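Chemist: Below is one structure. I have some questions about it.
The values are calculated or read from the model by the stated rules, or taken from the named source; none is laboratory data. Given the structure is predicted, the values throughout are model-derived calculations rather than measurements. Quick reminder, even Gly has a Cβ in these numbers, built from the backbone with ideal geometry, and neighbours come from all protein chains shown. Please note that ligands, DNA and RNA were not included when accessible areas were found on the heavy atoms of the full protein model with its side chains. Shrake-Rupley method; radii C 1.70, N 1.55, O 1.52, S 1.80 Å.
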Amino acid sequence: MTYEVGKVTGVIPGKAEVDLVVPGLVDLQVNGGGGVQFNDTTSAQGLAAICAAHRALGTTAVLATLITDTAEKTSEALAAGAAARAAGQAGLAGLHLEGPHLDPRRKGTHAEELVRPMQEADLLRILAAAGSCGHLLVTLAPEAATEEQVARLVAGGVQVSLGHSDCSAETASGYFTAGASMTTHLFNAMSQMGHRAPGLVGATLDSGAVSCGLIADGHHVSDTAMRVALRGKRGPGHVFLVSDAMAATGSELTEITLNGRTIYRAGGRLTLADGTLAGADISMLEALRYCVTALEVPLDEALRMATVYPAQAAGLPHVGRLTEGARADFLVLDAALHLQGVWVGGVRSGDEVAA
């Protein structure tokens, strides 16, 4: 591979002295990392710390994710994203607003008192930020927003994902037609697939126009369900990996907080006191390895699930691939898929760790 001014200029066949050179990983759902939670540190400095933590683990493009919070906190997050992008923050592809416009019956770890329907002020706040903070993705539930609101968001340059919803497959299909093009963390916090009521899971797998994130950590979704979904997803949409990482990722923390509640870290899981899963304790590279070792996904396909598929789903043409004109973000991995080095814009990062 050759590169100049941070972009790939060509790929040259030949024998390498390393096991694998792969694109930098792309993660569309990153709540925190390195001890920093975006909800708690909604600033350009907080975003820099989160991007650095994930870069050290092999992820070179992220959508920093704000979990359901107040309108004021959402405004802070959007302003932080705009400031970070204006400053050229490496690795920040944009923001993901996961809530607060969700179905409280499928709230998961989101604070119920903060979950609410979308109002005109909410919609205008989001539209005003479109373009200033990079790619802007919003997860919402049909129970909390109308098809017209989805269409307005999409027309304004905002990507819409369905999630945290108990909607029927028929309702989901209507929202896909309105412009929703993604489903957030498939299987988790949504209506499941039954033989007469396919739910959001069934509608997502059957829609070729929709892609969906998947948390492959062995805790959020059973291996059997993941294998079935990977075999059954209709194209051209794809199943792609997300980490759903919290502040604990890339740190030694055993406890973190979200909306004033303690989240406990143990046994590869993050949970509230009642056992509810609260994000994931995994990096994208660990998820990739899980796909290869536990799910027996071929390595080339697992790599696409962590790079090109999320980049395609979010319309990010310059990341997640090593082709001419792409940004020269790449990793060197050993034969066991452990990280040996990270390059961003063709420059080796000095903060990589063994992942």
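Chemist: Going through 203, 209, 169, 180 one at a time, which residue ends up being open to solvent by less than 30 Å² (accessible area, probe 1.4 Å), closer than 16 Å to residue 315 by Cβ and in contact with a helix residue (DSSP H, G or I) (Cβ under 9 Å, 6 or more places away or on another chain)?
Modeler: Every option except 180 fails the conditions.
Chemist: A further question on this structure: Checking residue 273 against (1) aliphatic (A, V, I, L, M); (2) farther than 27 Å from residue 113 by Cα; (3) open to solvent by 20 Å² or more (accessible area, probe 1.4 Å), only one condition comes out false. Which one?
Modeler: Against the list (1) aliphatic (A, V, I, L, M); (2) farther than 27 Å from residue 113 by Cα; (3) open to solvent by 20 Å² or more (accessible area, probe 1.4 Å), residue 273 comes up short only on (2).
Chemist: Same structure again: Please give the number of the condition residue 326 fails out of (1) under 17 Å from the mean Cα position of the chain (by Cα); (2) open to solvent by less than 60 Å² (accessible area, probe 1.4 Å).
Modeler: (1)
Chemist: Just checking, how many residues over region 110-137 are closer than 19 Å to residue 27 by Cβ and open to solvent by 10 Å² or more (accessible area, probe 1.4 Å)?
Modeler: Selection size over region 110-137: 2.
Chemist: Just to be sure, is residue 320 touching a residue at least 12 places away in the same chain (Cβ under 8 Å), in contact with a strand residue (DSSP E or B) (Cβ under 9 Å, 6 or more places away or on another chain), in a loop (DSSP other than H, G, I, E, B) and farther than 30 Å from residue 106 by Cα?
Modeler: When the stated conditions are applied, residue 320 passes them.
Chemist: Name, by its number, the condition in (1) over 28 Å from residue 322 (Cα atoms); (2) free of Cβ contacts under 8 Å to residues at least 24 places away in the same chain that does not hold for residue 75.
Modeler: Every condition holds for residue 75 apart from (2).
Chemist: Which residue is farthest from the chain's Cα centre (by Cα), if the candidates are limited to region 176-219 and must be over 14 Å from residue 230 (Cβ atoms) and hydroxyl-bearing (Ser, Thr, Tyr)?
Modeler: 177
Chemist: Examine region 209-218 for a residue that is over 18 Å from residue 62 (Cα atoms) and not hydrophobic (A, V, I, L, M, F, W, C), and state whether such a residue exists.
Modeler: yes
For (1) more than 25 Å from residue 148 (Cβ to Cβ); (2) surrounded by fewer than 17 Cβ atoms within 10 Å (Cβ to Cβ), each residue gets a yes or a no:
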residue: 174; (1), (2): no, yes
residue: 184; (1), (2): no, no
residue: 195; (1), (2): yes, yes
residue: 198; (1), (2): no, no
residue: 213; (1), (2): yes, no
residue: 223; (1), (2): yes, yes
residue: 256; (1), (2): yes, no
residue: 261; (1), (2): yes, yes
residue: 267; (1), (2): yes, yes
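Chemist: Here is a further query. Return the pair list, or none, for Cβ contacts closer than 6 Å from residues in region 255-283 that are free of Cβ contacts under 8 Å to residues at least 12 places away in the same chain to residues that are surrounded by fewer than 24 Cβ atoms within 10 Å (Cβ to Cβ) and polar (S, T, N, Q), at least 6 apart or on different chains.
Modeler: Hits for this filter: 255/262; 264/271.
Chemist: Going through 332, 308 one at a time, which residue ends up being touching a residue at least 12 places away in the same chain (Cβ under 8 Å), open to solvent by 10 Å² or more (accessible area, probe 1.4 Å) and either in contact with a helix residue (DSSP H, G or I) (Cβ under 6 Å, 6 or more places away or on another chain) or under 15 Å from residue 61 (Cβ atoms) (or both)?
Modeler: 308
Chemist: May I pose another question? Could you figure out which of (1) more than 16 Å from residue 68 (Cβ to Cβ); (2) at pLDDT 95 or above isn't true of residue 164?
Modeler: Answer for residue 164: the failing condition is (1).
Chemist: If I filter region 227-254 down to residues being in contact with a helix residue (DSSP H, G or I) (Cβ under 9 Å, 6 or more places away or on another chain) and among the hydroxyl-bearing types (Ser, Thr, Tyr), which single residue comes out as surrounded by the fewest Cβ atoms within 10 Å (Cβ to Cβ)?
Modeler: So the residue we want is 251.
Chemist: Residues that are more than 27 Å from residue 270 (Cα to Cα): which strands (runs of 3 or more DSSP E) entirely in region 77-189 hold 1 or more of them?
Modeler: Answer list for region 77-189: 135-140, 159-162.
Chemist: Can you name every residue in region 45-84 that is basic (Lys, Arg) and either within 17 Å of residue 124 (Cβ to Cβ) or surrounded by fewer than 22 Cβ atoms within 10 Å (Cβ to Cβ) (or both)?
Modeler: The answer is 73, and nothing else.
Chemist: Looking at (1) open to solvent by 10 Å² or more (accessible area, probe 1.4 Å); (2) more than 18 Å from the chain's Cα centre (by Cα); (3) aliphatic (A, V, I, L, M), which is the only condition residue 90 fails?
Modeler: It is condition (2) that residue 90 fails.
Chemist: If you don't mind, there's one more thing I want to ask. When you scan region 206-311 for strands (runs of 3 or more DSSP E) that lie fully inside it, which ones turn up with 2 or more residues that are closer than 29 Å to residue 20 by Cβ?
Modeler: Fully inside region 206-311 and qualifying: 211-214, 239-241.
Chemist: For the list (1) in a strand (DSSP E or B); (2) at pLDDT 95 or above; (3) open to solvent by 70 Å² or more (accessible area, probe 1.4 Å), I need the number of the one condition that residue 3 fails.
Modeler: (2)
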